[in-house]
Amino acid sequence: MVAHHPPANATSRFSNRVADYVRYRPGYPEGVLTMLRDHRWLKRGARAADIGSGTGIFSSLLLGEGAEVFAVEPNADMREAAETILRHHALFHSIAASGEETTLAGQSMDLIVSAQAFHWLDRTRARCEFTRLLKPGGRVVLIWNVRQTDCTPFLRDYEQLLLNFAPDYAQVRHENVDAEALTSFFTDGVFEKHAFANQQSFDFAGLRGRLLSSSYAPAEGHPLHDPMIQELRRLFEAHEQNGTVDFLYATEVFIGR
């Protein structure tokens, strides 16, 4: 397996973006949960580790299915947001740990999920940890909302904005986890891939919040921030219809042992 090391500040880089992350990040389509239910990988009483659980977007869906969820998140600000949002769920457990060293008991999980987070992990160490955690017959589920970059004029222009104004955009994109990386991660190189359509619509405030929820977008105070927002405004005014623009995603799901 080729060594993969996440950016040095992977744990801290979302700390100043939590409010935007909670409000503007996409959820996940119902088809993902239906597929996991139909295969009996997700059922009431299942024990699931949500690795890189962030603000609890996918943990909330798992809890809604009756699973007992161990939300593993190293970033304190994101973890505290999830704890606030999900504090009323008796089956929610917030774990201050990394995906490579979860502190959870061995062979204790029916399901390991990493939604929009696996590309931040050291894959070699994560593979060892996931192997330790899974019960016999358990599954690993890796999920990404893949923003479509080329299917509308707005999305093409938005992609160009990121390339122009976000210096480390290319480095941290989840697309850096390619088929070869997945083949070397899953046992015997065997995994299933499923894809589902997903969408968000934004007014300008929402579009701005969605951009600033991304760890690679220059934050306020950065010399590129103001010119980036000016260009975002120009894009919005050029492409909006009835006051909104649409983000289109393919929600990609990879499942294996």
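Each reported figure results from applying straightforward, stated rules to the coordinates on display, with no laboratory input. Just so you know, these numbers come straight off a predicted model, no measurement behind them. Every residue, glycine among them, receives a Cβ derived from its backbone with ideal geometry; neighbour counts consider all protein chains shown.
Can you tell me the length gained on complete extension of the stretch VAL190 to GLU159, counting 0.36 nm per residue apart and subtracting the Cα distance?
Values: separation 31, 0.36 × 31 = 11.16 nm, distance 3.21 nm.
Gain in length upon complete extension: 7.9 nm.
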Item checked: Per DSSP, loop trypsin sites (Lys or Arg not before Pro) in region 46-104 with at most 16 further Cβ within 10 Å -> ARG87
Next item on the list: Answer rounded, prolate or oblate for region 48-113, using the Cα gyration tensor with square roots of eigenvalues a ≥ b ≥ c: rounded when a/c is under 1.5, else prolate when a/b is larger than b/c, else oblate.
Entry: oblate
Check: Using θ = phi - 60° and the Karplus form 6.51 cos²θ - 1.76 cosθ + 1.60, what ³J(HN,Hα) does each residue of region 110-126 get, whole Hz, x for Gly and Pro?
Finding: 7, 9, 10, 10, 9, 9, 6, 9, 4, 5, 7, 8, 6, 5, 5, 5, 5
Item checked: Point-to-point label distance, GLU30-HIS222, nm (Cα→Cβ direction, 7 Å offset) -> 3.8
Check: Given labels modelled 7 Å from the Cα in the Cβ direction, how far is it in nm from LYS43 to GLU83?
Finding: 3.4
Next item on the list: Loop only per DSSP, at most 12 neighbouring Cβ atoms within 10 Å: give me the GluC sites (Glu not before Pro) in region 156-246, ordered by residue number.
Entry: GLU220
Check: Among ALA205, ALA181, ALA195, which one shows the biggest mean-square fluctuation in a GNM of the chain, springs joining Cα atoms closer than 10 Å?
Finding: ALA205
Check: What label, among [x] 18.2, 54; [y] 19.0, 59; [z] 21.8, 68, belongs to Rg and Dmax of the Cα atoms in Å computed from the structure on display?
Finding: [x]
Next item on the list: Compare ALA49, ALA105, ALA197 in a GNM of the chain, Cα atoms joined below 10 Å, and give the one with the largest fluctuation.
Entry: ALA105
Notebook entry, point to check: What is the order of VAL190, VAL177, VAL113, fewest Cβ neighbours within 10 Å to most?
Noted result: VAL190, VAL177, VAL113
Item checked: Three-way shape label, region 201-257, alpha-carbon gyration tensor, a/c 1.5 -> oblate
Item checked: Backbone HN-Hα couplings from phi across region 21-32 [Karplus 6.51/-1.76/1.60, Hz, Gly and Pro as x] -> 4, 4, 7, 10, 6, x, x, 10, x, 4, x, 5
Note to self: Please list 3J(HN,Hα) in residue order for region 244-257, calculated via the Karplus relation 6.51 cos²θ - 1.76 cosθ + 1.60 where θ = phi - 60°; whole Hz, with x for glycine and proline.
What the structure shows: 9, 10, 10, 9, 10, 10, 10, 7, 9, 10, 10, 10, x, 9
Item checked: Sorted by Cβ density within 10 Å, fewest first, the residues ILE255, ILE51 -> ILE255, ILE51
